[in-house]
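The values are calculated or read from the model by the stated rules, or taken from the named source; none is laboratory data. Bear in mind that the values here come from a model prediction, so they are computed numbers and not experimental data. Reconstructed Cβ throughout: ideal geometry from the backbone, glycine too, with neighbour counts over all protein chains shown. Accessible surface areas use protein heavy atoms only, side chains included; no ligands, DNA or RNA. Shrake-Rupley method; radii C 1.70, N 1.55, O 1.52, S 1.80 Å.
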Amino acid sequence: MTHPFLFLCIAGLSCFFSYNLVRMPVLSMFAESLGATPEAIGMVVAASTMTGVFLKLPMGVLSDIVGRKRLLIVGAVAFGITPFVYLLIDDLQTLLVLRLCHGLATAVFAPIALATVASMFADKRGVGMGWYTASTQTGALLGPLAGGFFLDHAGFSDAFTVAGAIGLLGLFLVLQVHITESLLEPMGRKNTLSIMSNGVQSVIRNRAVLASSVAGMSKMFSTGVLMAFLPLYGFSIGLSGTQIGFLFGIQSTISLASKPLLGRTSDRIGRRPLILLGLSLCALAMSGIPFTSEFGSLLVLAGIFGLGDAAVMTASAAWVGDSTEPRFVGSAMGVYGTLSDIGHASGPIMGGLLIASIGYPAAFLAAGGVLVVATAYVGIAMAS
């Protein structure tokens, strides 16, 4: 593991620890404390992802032109500074605006970090993606565990302060990452819009990139539903904040432990079998949640979802890198990230509408149904 890659992995861990400490399960409860309805909570949770819907593609394309390092720093600054602003929030409207701003962190950082990893590992891309995504998943594990602790033993202000400090650590680490840039010729930068257009057109005609992106989008749809409403569902059936944190924690633990191995496996047997397996496991887990109120059973389902998450996200990101010309890797990761964020944003919104009109089971079953449809689509697209 090279020093630049190691620094990038630790930076990703720190940044996503900060981000997920704010987001799960603290954010839903903070919004509820400000008077949010289920529909409003869905909007608040989804808002940061909406930023990614609009920015991930242009940021990925721009990174092919101006280089990765500058934009990684921009994303890391958003991870480090934004959590402190939550300390000033006392109404839902301002919270919604702040969530849009916080989304700049993942909108800029996430696709460019993936493109950087894809460029670093041309021959063993699955291994590189596995280790990097396991690092960010470690942050996703620690964040909810810390969030559950703060809900039970401290307060929202403590959670936001700690999240900001950890985010600033991520920024410091990003500054230590050395990236060998391969940029377009200086004359080409004068035609930036034309270059961006050519890159996007090349990517969206790539069937493998689109199939991988649909897989990521459906998985992130279900993640959005879990993130927004599993805490509220858990409290409704009598779970504590710590228990809810452990549900997210076991999901992240299984996922991060599996990703390096599944990445190596995908290098050997191919990306497609793991993507289909992962989608099927996620569908099974989401569909099972409404049929149990036992903490132990929910832990098992969370673990199944974590394994499915690891298979889908590791293999699909690696397949995007495999299927794209090196000069367009940033653009491809931008498309992949954009579609994933569309899924991530629409999950809480649709889930909130279903819960308000029908109840919690409808939201989780709908997420399972989306995964089943995506599995069928990806299987057909891969076979043709």
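Worth a mention:
- Full extension of the chain segment joining SER197 with LEU100 gains 32.3 nm, where the gain is 0.36 nm per residue of separation less the Cα-Cα distance.
- By the helix-only formula, in which each DSSP H run with n ≥ 4 contributes -39500 (n - 2.57) and the sum is divided by residues, the chain has a 222 nm mean residue ellipticity of -29500 deg cm²/dmol.
- Peptides 366-372, 234-240, ordered by how many other C-beta atoms sit within 10 Å of their residues on average, highest first, read 366-372, 234-240.
- For the options THR292, THR223, THR338, a Gaussian network treatment of the chain with springs between C-alpha atoms closer than 10 Å singles out THR292 as fluctuating the most.
- Rounded Å value of the spacing that divides the Cα centres of segment 1-70 and segment 202-225: 18 Å
- Under the criterion of Cα pairs below 8 Å and six or more residues apart, the relative contact order for the chain equals 30 percent.
- Cβ-Cβ FRET estimate between GLN93 and ARG268, R0 fixed at 41 Å, reported to 0.05: 0.20
- Segment 240-384 - Debye-derived log10 I(q)/I(0), Cα point model, q = 0.19 Å⁻¹: -1.25
- LYS124 paired with ILE358, simple spin-label distance in nm, labels 7 Å along Cα-to-beta-carbon: 4.7 nm
- In whole percents, the pair-distance distribution calculated for segment 286-340 from its alpha-carbon pairs, binned every 5 Å from zero, is 4, 17, 19, 14, 11, 10, 10, 7, 5, 2, 0.
- Selection among LEU298, ALA165, TYR377 by position relative to the dipole of the chain gives TYR377 as farthest towards the positive end (Cβ unit charges, Cα centre).
- Distance-filtered residues of segment 80-105 - backbone nitrogen under 20 Å, label point 7 angstrom along VAL66 Cα→Cβ: 80-82, 101-105
- Rounded percent of accessible protein surface that carbon and sulfur make up, the chain, 1.4 Å probe: 69 percent
- Once backbone amide H atoms are built at 1.01 Å from N, VAL177 has no partners under 5 Å, excluding neighbours fewer than 5 places away on the same chain.
- With eigenvalues of the C-alpha gyration tensor scaled by 5 and rooted, segment 15-71, Å: 30, 14, 6
- Charge-dipole axis of segment 25-160 as Lys and Arg at +1 and Asp and Glu at -1 on Cβ define it, positive-most pick from PHE30, LEU104, PRO83: LEU104
- For segment 230-384, a crude dipole built from +1 on the beta carbon of Lys and Arg and -1 on the beta carbon of Asp and Glu, taken about the Cα centre, is about 260 debye to the nearest 20.
- Protection proxy ranking, highest mean first, for peptides 119-130, 243-254: 243-254, 119-130, where packing is the per-residue count of other beta-carbon atoms within 10 Å, averaged.
- Separation in nanometres of the label points that stand 7 Å from Cα toward Cβ, at VAL74 and ILE237: 4.3 nm
- Per residue, the chain exposes an accessible area of 37 Å² to a 1.4 Å probe, with every protein chain left in place.
- A viscosity of 1.002 mPa s and a temperature of 20 °C, combined with the Kirkwood radius over C-alpha pairs in the Stokes-Einstein formula, give segment 323-377 a diffusion coefficient of 165 µm²/s.
- Between ARG207 and ALA165, the simple label model (points 7 Å from Cα in the Cβ direction) yields a spacing of 5.3 nm.
- Assuming charge only on the beta carbon of Lys and Arg (+1) and of Asp and Glu (-1), the dipole of the chain about its Cα centre is about 1100 debye to the nearest 20.
- Hull volume in cubic angstrom per residue (convex hull over the Cα atoms of the chain): 119 Å³
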